[in-house]
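Chemist: Quick one: the structure is below, and I'll ask about it shortly.
The values are calculated or read from the model by the stated rules, or taken from the named source; none is laboratory data. Fair warning: this is a prediction, and the values are worked out from it, not measured in the lab. Counting neighbours? That spans all protein chains shown, and the Cβs are built from the backbone with ideal geometry, glycine included. Note: areas computed on protein heavy atoms with side chains; ligands, DNA, RNA excluded. Shrake-Rupley method; radii C 1.70, N 1.55, O 1.52, S 1.80 Å.
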Amino acid sequence: MAKMKVPFYSLDYVNDSLGRGLQAAFGKVLDSNWFIRGASCGEFENAFAGYCGVRHGVGVGNGFDALTLMLRAAILQGLLKRGDEVLVPANTFIASVLAVTAAGLVPVLVEPDRATCNMDPSKLERACSPRTKAILVVHLYGRIADMDAICKFAQSRGLLLFEDCAQAHGACLADDRRAGSFGLAAAFSFYPTKNLGALGDGGMVVSNDASLAEMVRTLSNYGSARKYENCYLGVNSRLDEIQAALLQEKLPHLDSWNSRRREIAERYRHGITNPQIECPQAPTVPESHVYHLFVVQCKRRDELQEFLNARGVETLVHYPVPPHLQQAYTEIRTTEPLPELRHGELPVTESLAKCVLSLPMGPGLRDDEISYVIDSLNEFA
Ligand SMILES: *Cc1c(COP(=O)(O)O)cnc(C)c1O
């Protein structure tokens, strides 16, 4: 078999196929001479919130700010208070946990289910204390978490529910149960490689709660709802007009890109027969996974990655060091009584960090590249 070079993710496909449209969107903003939160931003906020099945959308600077501002808005609305505990997956990109800390809340880490890598609902009870007030669920790798169980638990405990949808644009359990519509509010990132990505940073908070959405808008604009009236200690985190126009141009294609990702996932699942490599289980509702990442598990992960790399197949690890083992959190733990990370042993999280490997994935991955990746995985002895 001739050697190929398969990149982990390629933006060529999306940018080439939409080239003209993206340039027209850019031109429209250029001509308007309005670059922050103008007509394009408003249009995209409505379109994306509508796509999620939610009433309000507020464009912000990035996914991390979307998470932080959504939580801070809930505090300012009196729904949470500083020092309250928030259940958050132990197995996630650190932004989910950092945002809880940044909002002045205490992240309490919950172990994942080994098969789905998402928050394990059976571990929620044990993580709760009288100070637990909310759950921040993450739809990791693009797979909707076990929302039936998680929503039921939140309801029985009177906990607020928030979502980190940074990897799950468009994932849905049913037409009216889309990522972003399950809780009080949800945060999205439009980082360039996400399923819906800008040509730079971007993010959005979506919510059915008009006053919470308005609070996010105010906080993200220096805590000011009216010019030069600053009611809150806000920040500057707004969605650029150019990014909003580009995202609006891309949004109509999101569903077909997600379908292509699912198609690739099915080919991987059926093609990979090496018993050393475990593919992620298919969810019962196919549309509930948008395969931001296709993550296999292998006990000899590092050797496998090395082997694939030598064959020209680029892979990544999401994530090699879980948040609770990061230096950032060691320092917080030793220098401040609060906020701290509260958690017990996290053996599932720690063992996943040693065996997960993300394969090339994206709407631009070609059939011959998929076959080459599959053959390479099956040749790993
Ligand atoms: C990408 C990501 C974020 C952060 O988004 P940025 O736009 O990079 O700030 C947060 N949570 C998860 C799960 C992510 O994958």
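Chemist: Determine ³J(HN,Hα), in whole Hz, for all residues of segment 59-66 in sequence, where each value follows from phi through the Karplus function 6.51 cos²θ - 1.76 cosθ + 1.60 and θ = phi - 60°; x replaces Gly and Pro.
Modeler: x, 10, x, 5, x, 4, 5, 4
Chemist: Amide H to amide H under 5 Å from residue 316: which residues, 5+ apart in sequence or cross-chain, H placed 1.01 Å off N in plane?
Modeler: Residues meeting the criterion, in which the H sits 1.01 Å from N, are 358.
Chemist: Something else: Peptides 212-220, 192-200: what's the order by average Cβ count within 10 Å, highest mean first?
Modeler: Taking the mean over residues of other Cβ atoms within 10 Å, the ranking is 212-220, 192-200.
Chemist: Antiparallel as a % of all DSSP beta bridges within the chain, to the nearest 5?
Modeler: Bridges in the chain are about 55 percent antiparallel.
Chemist: Can you list the lysines whose alpha carbon sits under 26 Å from that of residue 5, skipping same-chain ones fewer than 8 residues off?
Modeler: Straight-line reach from residue 5, under 26 Å: 194, 299, 354.
Chemist: Hey, any idea what % of the chain's accessible area is carbon plus sulfur with a 1.4 Å probe?
Modeler: Looking at the chain in its full context, I get 52 percent from C and S.
Chemist: Over the chain, with the other protein chains present, what is the accessible area per residue in square angstrom, probe 1.4 angstrom?
Modeler: Heavy-atom accessible area per residue stands at 43 Å².
Chemist: Quick one: what are the phi-derived ³J(HN,Hα) couplings along segment 279-295, Karplus 6.51/-1.76/1.60 with θ = phi - 60°, whole Hz, x for glycine and proline?
Modeler: The phi angles translate into 7, x, 5, 6, x, 5, 9, x, 5, 7, 10, 10, 6, 3, 9, 10, 10 Hz.
Chemist: Tell me, how many Å apart are the Cα centres for segment 280-297 and for segment 85-138?
Modeler: Going from one Cα centre to the other spans 21 Å.
Chemist: For segment 174-182, in order, what is each residue's ³J(HN,Hα) by Karplus, 6.51 cos²θ - 1.76 cosθ + 1.60 with θ = phi - 60°, in whole Hz (x at glycine and Pro)?
Modeler: These are the phi-based 3J(HN,Hα) values: 7, 3, 9, 9, 9, 3, x, 10, 8 Hz.
Chemist: For a quick check, take a GNM of the chain with Cα springs below 10 Å and name the residue from 251, 233, 341 with the largest mean-square fluctuation.
Modeler: 233
Chemist: Based on alpha-carbon centroids, what's the gap between segment 13-53 and segment 184-210 in Å, whole number please?
Modeler: The distance from the Cα centre of segment 13-53 to that of segment 184-210 comes to 14 Å.
Chemist: Follow-up question, since we're still on this one. Under 25 Å between alpha carbons: how many lysine pairs meet that in segment 17-154, if sequence neighbours fewer than 8 apart on the same chain are excluded?
Modeler: 6
Chemist: Cα gyration tensor of the chain, axes a ≥ b ≥ c as square roots of the eigenvalues: rounded (a/c below 1.5), prolate (a/b > b/c) or oblate?
Modeler: It is oblate, given that a/c is not under 1.5 and a/b is not larger than b/c.
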